[in-house]
C-alpha cells in the first residue's frame, strides 16, 4: 500500500477518540498496569525531551493493553510556578490565561503524536478542585505536627521588594534588576520530612533492582545518614563575660570522634545565634562585623562554592578532654542547617578544615598515623585509617575502634552522647509569589495561626491582580487577604504565601488513581488507590532523581499515615531517560538548537517521530539528534507499509498452517528473525527497556522477509510485526493489522514457536594459526571428525604440504588448525 502518514494518523486518532480506546475499565476485574510519565510544565510548546518521555510511557501502555491488562495511562499539567509570572511580566498576560492557553496548545501537540492517554483523568494542578484537596492535606499535616511555621532565611531583593527563588538569583544578583541579593530572615512554612528520614532511607532497599542504582545512591546521599558524637563546648570564663553571660556553651556534632584530640579551632556558621549576638551588639571591630555581615548575605548554596573565608570571634571554648583553650571562628563553610551550625575543626584530618587552617595560619595537629607514619610537613589532610597518637589513653588504638571507645567515654562521663544525624533538612514550602496554591491559614491577633475550616476550601487565588515582579500581589490586594478568623470570628489576615510547586507534583499520581466521578467528593479514593497503586512503571528525566522522587515518596507515606491511601511507596519501577542533544549540547531555546516536534510530525508523520526517538539510543542514554536518522526511520516505515502488498487475503487466513519442515533456507531464516523480534519485544518490556534493540530486530526481520517469496511466511511476519511494533508506530500498525487481519492479532497472545530455532545446519569459521580463512556449513549433529574433515577439505590450499600440530573445535563457533611453518 502507498504510505500517507497524515491520512492514516488522522483516521486512527479519530477512531481512538470516538471509541474512548484508552480509558481504563472501572470494574477492576482484570489485572492492572499503571503507567505514568512525569507530567509537563505547560510552557507553550512541547520539545523532543517531552516526545521521548511520552513515547516511552505510551509504548508500555500500549504493550500492556494488548496483553489484556487494565491500563491506567494518564496525563496532566504541573501548571503553577514562577515561569507563568515571568511570562505575565514579559507578555502583559495574566498567569492563568497564559497557562491555560498553553495547556490547550500542548494538548493538541501531544494528541498529534498518537499518545494513548486517558482523557477523562486530565487535570492541571492549578485547577481549584486540585487545590481544594491539597489544602486539606496541608491542614491535616499541620494538625499532626508535620507542618509548622518558623523564621527562615530567604533571597531578598530590596529594589523589587520581593523574595527570589534560587533560580531567580544569577551570580548573586536579582535576575530582574541586577541588584545584589541579600539574605533576609522571614517567617515561612516547613514540612517535617526529617521525621521520615530513616524510613525514606530504609525503604530504598525495597526498590533495589527496580530503580536505577545511581538514583538510589543519589537519594541515599541526599538523606545523608551519619552516626557520630554530639558533645558540648563550654565557653571559657572570659568568653562568657564577653557575651554578657547570654551563652555558656554550644553543641557540636562530629562523625570523627577519633580525631577529637586534634581539634585546633572551632568554627560557627554565620547564622549561629552566638555570631548573630556578636554582630547585633557590635562586640568586634567594625571591619570584622562588616566581614561577617557580608557572609550572612550569601546563601549557603553559594557559600559552598566560594573560597574558605572566616573571622576570629575573639572568644574561646574549653576542650572537653584536655581542658585546653580552643579559639572560635566564624567560617563560611559551616552550614547552619547541619549539626547545629558548629564544628570542631581538625585540620590534620579534614581537608576543608585543613584549607581554612592554612589560610589563617592555625595549628595543625596530627592524631592519626597511617602505614607511612607521622607526616613531617602536611600538604593536605590525612583522611585514611590508622592508629591514634597524641590522644592520651586512646593512643595506639585503631581509629575505627577509637570512635566507639571515645563515644563510650563521653557517655560514661555525661558530657556527650552517640547521635544519628541526617543531612536531609525539613522542606521549606513557602513561596512569596502569586501563581501558586494559597497556604490555607489565617493570622488572628487573638488566636495566632489558625487553619481555615475544611468546609471553606478551596482558598482560591483572586484573579484581579497585576503581576509586576515587585512584591507579592496577594499582599497588596485590597480585599483578598482580609477575612474572619475561623476560630473566633474576629477580623483576621489570610496567609499570602503560596506553596512550592513540588507539593503539587508530590501526590498527583494518587489523584489520577481516583475515579474522576469521585473528584468532587474525594481528593484520593482509598478504594481506587488500593487497586491502582503503586505505579507499575514511572518514566522521567534523571534531573528529578532527588527532590521530586524524594518528596513524592515522603508524601505517599504521610498520606498513608493520614489514611488516604494504603500505599507506602509510590513507584514500583523507574526508568530515567537521558537528555536529547543537538550538536553535543542539550536542546534549548537559548542555544538556538531546538528541533520542533510539530515540524517533524508535519513532514514525516507521528510514527516517524516516535520510531526515531526510540531507535536512536537506549532510553537511559543521551540521544544525539540526527536529521539523516529521521529520514532513515521514515524510509523503514514507508517500506513496512509498501511491502504489506506481499500479504494476500488467502495467506492472511491460512498462515497458521505453515509446515516448517518443508520450507527452504531463506523461508526458515525469515521465520527465525520474526520470532527473534517477538522474543526481543517480550524481553524489552519485561526487563531491558532497550527499545532500540527491538526496532533493530524488527528491521532484521523485514530484511529476512524480503529475501524469500513465501506468502504464508510474509503473512505470519506481518501478523507478528504489526503487533510488536504497535507500541512504537501505532498508526501504521493499526492500519495494516486492520486491513490484513481485522486486528485479530492485537487480541492474540503471541507465543514463540521453538520450531523456528531448530537449525538444519550451522556455519563455523575456519582459522589457520588464528587467522580466518573460510567458513563451513555442517549439520548441528556433525561429529568432531566430520567437522575437521570438512574444515580441512575447504582450507586445503592453506594447509597442503603443512604439518598440522593441533586441531581445535569450538562447538557452534569455529575450527582452528595450528600448522608448522
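Just so you know, all these numbers are worked out from the coordinates, no wet-lab data involved. Worth saying up front: this structure is predicted, and the values here are computed from it rather than measured. Glycine gets a Cβ as well: all are built from the backbone with ideal geometry, and neighbour counts include every protein chain shown.
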Expected unfolding gain across residue 456-residue 170 under the 0.36 nm per residue rule, minus the alpha-carbon gap, is 99.0 nm
Segment 762-819: relative contact order from alpha carbon pairs under 8 Å, six or more residues apart, as a whole percent, is 43
Longest principal axis of the chain (C-alpha) makes with the long axis of helix 730-741 (C-alpha) an angle, in degrees to the nearest 10, of 30
Dividing the mean separation of Cα pairs under 8 Å (6+ apart) by the residue count of the chain yields a relative contact order in percent of 14
When 638, 553 are arranged by how many other beta-carbons sit within 10 Å of their Cβ, fewest first, they go 638, 553
Rounded to two decimals, the Rg over Rh value of segment 525-660 from Cα coordinates and the Kirkwood Rh reads 1.16
Helix-only [θ] at 222 nm, the chain, -39500 (n - 2.57) per DSSP H run of 4+, per residue, nearest 500, equals -11000 deg cm²/dmol
As a percent rounded to 5, the proportion of antiparallel DSSP bridges among beta bridges in segment 710-821 is 75
Bridge orientation stat for the chain from DSSP, antiparallel percent rounded to 5, came to 75
What the 10 Å binned alpha carbon P(r) of segment 369-488 shows, as percent of pairs per bin from 0, is 10, 22, 16, 9, 9, 18, 15, 1
Gyration tensor on Cα atoms of segment 225-422, a ≥ b ≥ c root eigenvalues, a/c under 1.5 rounded, else prolate if a/b beats b/c, else oblate, says prolate
Segment 406-456 and segment 554-630 have their Cα centres apart by a whole-number Å value of 35
Least to most buried among 655, 691, by other C-beta atoms within 10 Å and fewest first, runs 655, 691
Going from the fewest other Cβ atoms within 10 Å to the most, one would list 785, 709, 350, 58 as 785, 709, 350, 58
Helix 351-360: inclination vs the chain longest Cα principal axis, degrees, rounded to 10, gives 40
Two pseudo-spin positions, 7 Å from Cα along C-beta at residue 626 and at residue 447, lie apart in nanometres by 6.6
Here, residue 585 and residue 27, labelled 7 Å along Cα→Cβ, have an inter-label distance in nm of 5.6
For the chain, the longest principal axis of the Cα atoms and the Cα long axis of helix 711-724 enclose an angle in degrees, to the nearest 10, of 10
A chain fully extended from residue 393 to residue 793 at 0.36 nm per residue, minus the present Cα-Cα distance, gains in nm 135.7 nm
Between residue 635 and residue 128, Cβ-based FRET efficiency (R0 56 Å, step 0.05) works out to 0.70
Full extension between residue 563 and residue 464 adds, at 0.36 nm per residue less the Cα distance, a length in nm of 31.9 nm
In whole percents, the bins of 5 Å from zero upward hold the Cα-Cα pairs of segment 647-757 as 2, 13, 23, 26, 22, 10, 3, 0
Of all DSSP beta bridges with both partners in segment 762-819, the antiparallel percent, nearest 5, is 75
Mean Cβ-within-10 Å packing, highest first, puts peptides 3-15, 282-294, 223-235, 668-680 in the order 668-680, 223-235, 3-15, 282-294
Plugging the Cβ-Cβ distance of residue 351 and residue 161 into 1/(1 + (r/R0)^6) at R0 = 51 Å yields, to the nearest 0.05, a FRET efficiency of 0.80
Per the 1/(1 + (r/R0)^6) rule, R0 = 30 Å and r from the Cβ atoms of residue 772 and residue 666, FRET efficiency to 0.05 is 0.75
